Each structure stands twice: as C-alpha cells, then as structure tokens.
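Below is one structure, written out as structure tokens, with a few remarks after it.
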Amino acid sequence: MTDRRLPWGSRENPVSLGWAIERVRKDRLSQLAQHAGVSNAVFLEAVIDHLEEELNERGLPTWWPEQEPKDGELPISDVA
C-alpha cells in the first residue's frame, strides 16, 4: 500500500524537520501513519490539528502537566 500524500505543490510554506527524537517514537509514528494509509507528514499534521481542539486556558493540551512555580514566584493564574 502506498502512503497517501498531499498533491505536489499543495503546501504553502513547507519545511523539513531536523529534530532528533527517540527511534521508538519515530517508528510508532510510522506505524500509525501506515495504518491510516497516509504519509508520516500527513499523519503528524492531523495530530497537530487535533490538538487544537484539546487546548486549555494556558494554550496547552489538557493532558499536559501543570508547571511548577519557579523559586520565589507565587502560583498566580493569568486568567482573571
């Protein structure tokens, strides 16, 4: 099965990622993308789009841990 990719030239401002991540996570991304029948890039973009629906008032996914206050700072929320 070939990966479903976006048509050539359809991205407005494409960039190549040069990040280093753990091999096991890159392999898992590839497995999920293959199972969905799309390229890794298409799958990752869909994951990011989906995260937009799960952001809390801090602009982070609801499952992201709370940040600990820095020494000398009070844990005051930006939300009034």
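The values are calculated or read from the model by the stated rules, or taken from the named source; none is laboratory data. Because the structure is predicted, anything quoted here is derived from the model rather than measured. As a convention, Cβ positions derive from the backbone with ideal geometry for all residues, glycine included, and neighbour counts pool all protein chains shown. Heavy atoms of the whole protein, side chains included, go into the accessibility calculation; ligands, DNA and RNA do not. Shrake-Rupley method; radii C 1.70, N 1.55, O 1.52, S 1.80 Å.
Here are some conditions: (1) at pLDDT below 95; (2) on the phi < 0 side of the Ramachandran plot. His35 meets all but one. Which one does it not meet?
Of (1) at pLDDT below 95; (2) on the phi < 0 side of the Ramachandran plot, only one is false for His35: (1).
Kindly establish whether Val42 is part of a helix (DSSP H, G or I) and surrounded by fewer than 13 Cβ atoms within 10 Å (Cβ to Cβ).
On the way: part of a helix (DSSP H, G or I): yes; surrounded by fewer than 13 Cβ atoms within 10 Å (Cβ to Cβ): no.
No, not satisfied.
Of the residues Glu57, Glu52, which single one is in a helix (DSSP H, G or I) and either open to solvent by 50 Å² or more (accessible area, probe 1.4 Å) or more than 14 Å from Arg4 (Cβ to Cβ) (or both)?
Details: Glu57 fails: in a helix (DSSP H, G or I).
Unique residue meeting the criteria: Glu52.
Scanning for something surrounded by 11 or more Cβ atoms within 10 Å (Cβ to Cβ) and either modelled with pLDDT of 90 or more or over 12 Å from the mean Cα position of the chain (by Cα) (or both), does the stretch 67-77 turn up at least one residue?
First, the residues of the stretch 67-77 that are surrounded by 11 or more Cβ atoms within 10 Å (Cβ to Cβ): none.
No, every residue in the stretch 67-77 fails to be surrounded by 11 or more Cβ atoms within 10 Å (Cβ to Cβ) and either modelled with pLDDT of 90 or more or over 12 Å from the mean Cα position of the chain (by Cα) (or both).
Return the pairs, sorted by first residue and then second, in which the second residue is part of a loop (DSSP other than H, G, I, E, B), the first residue lies in the stretch 6-23 and is surrounded by 10 or more Cβ atoms within 10 Å (Cβ to Cβ), the beta carbons are less than 9 Å apart, and the residues are 6+ apart or on different chains.
From the stretch 6-23, the pairs are Leu6/Ser39.
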